[in-house]
Structure formats: C-alpha cells, structure tokens
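*Asks:* Below are the structure tokens for one structure; questions will follow.
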Amino acid sequence: MVYFYEEGIDSLSSYDGLESYYDAVTNMFDKILEILEAQSEKVIIKYLIRIKKTFDVLGHLGYGTGDYILGELQDFENKNN
C-alpha cells in the first residue's frame, strides 16, 4: 500500500489528475495509517520514513491533498508517541 501511495504522489506531482485521483491517494493514506496503528514501533518508523520522503511535493498538490496528508500524519504521530 505504501508503494501505491508513493506512486500516486509521484504521479500527481508530475501530472495533474482528476479530483477523484486525489481522493484515491488520500484514502490509501488513511488505510496505511489505520494498518500502522496495529504495528510495532519498528514497523511504524520504517514506513513513516518512506512516507515522509513524499513531503517535498505535497505542497504542490491540488485539492488540499498535501495539507490533509500532513495533518493526518501529525495526528497519527501525536497519538502514537
């Protein structure tokens, strides 16, 4: 799932997409965080490192996608620290 999230972000940063494509990426991100909640700290860290590598392009995404992802990740990290 993280791979598809990364590819979705990469695709959106290179080519503008329909609003439904942005929604699909944020839905995938939500599912990733949901799965990570049940994982060990070691697994969480491993995948958060990968997710955070997408942050350099989040500010360029439309439909508030970047703000949403950053906000959800911040909430996740606050709950799991």
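*Asks:* Pairing the Cα long axis of helix 65-79 with the longest principal axis of the chain, what angle in degrees results, from 0 to 90 and rounded to the nearest 10?
*Replies:* 10
*Asks:* Residue separation times 0.36 nm, minus the C-alpha to C-alpha distance between Lys52 and Glu34: what's the value?
*Replies:* Full-extension gain reported as 4.8 nm.
*Asks:* Given the DSSP H assignment, sum -39500 (n - 2.57) over each helix run of at least 4 residues in the chain and divide by its residue total; what's the result at 222 nm in deg cm²/dmol, nearest 500?
*Replies:* -24000 deg cm²/dmol
*Asks:* Hey, what's the chain come to in accessible area per residue, 1.4 Å probe, Å²?
*Replies:* On the way: 5320 Å² over 81 residues.
Value returned for the chain: 66 Å² of accessible area per residue.
*Asks:* If I stretch the segment between Ser11 and Glu77 completely, what's the gain in nm (0.36 nm per residue apart, minus their alpha carbon distance), one decimal?
*Replies:* Full extension of this stretch gives 21.2 nm more.
*Asks:* Mind jotting down the three principal axis lengths of region 2-69 based on Cα atoms? Whole angstrom, largest first.
*Replies:* Projected onto its principal axes, the Cα set of region 2-69 covers 35, 20, 19 Å.
*Asks:* On to the next question. With θ taken as phi - 60° and the coefficients 6.51, -1.76 and 1.60, list the Karplus ³J(HN,Hα) couplings across region 29-45 in order, rounded to whole Hz; mark glycine and proline as x.
*Replies:* After applying 6.51 cos²θ - 1.76 cosθ + 1.60, I find 4, 4, 5, 4, 5, 4, 5, 5, 4, 9, 9, 6, 4, 4, 5, 4, 4 Hz.
*Asks:* Dipole size in debye (nearest 20) for the chain around its Cα centre, Lys and Arg Cβ +1, Asp and Glu Cβ -1?
*Replies:* Using Cβ point charges on Lys, Arg, Asp and Glu, the chain gives about 380 debye.
The values are calculated or read from the model by the stated rules, or taken from the named source; none is laboratory data. Because the structure is a prediction, the values reported are computed rather than measured. Backbone-built Cβ (ideal geometry, glycine too); neighbour counts: all protein chains shown. Surface areas here come from the heavy atoms of the whole protein model, side chains and all, with no ligands, DNA or RNA. Shrake-Rupley method; radii C 1.70, N 1.55, O 1.52, S 1.80 Å.
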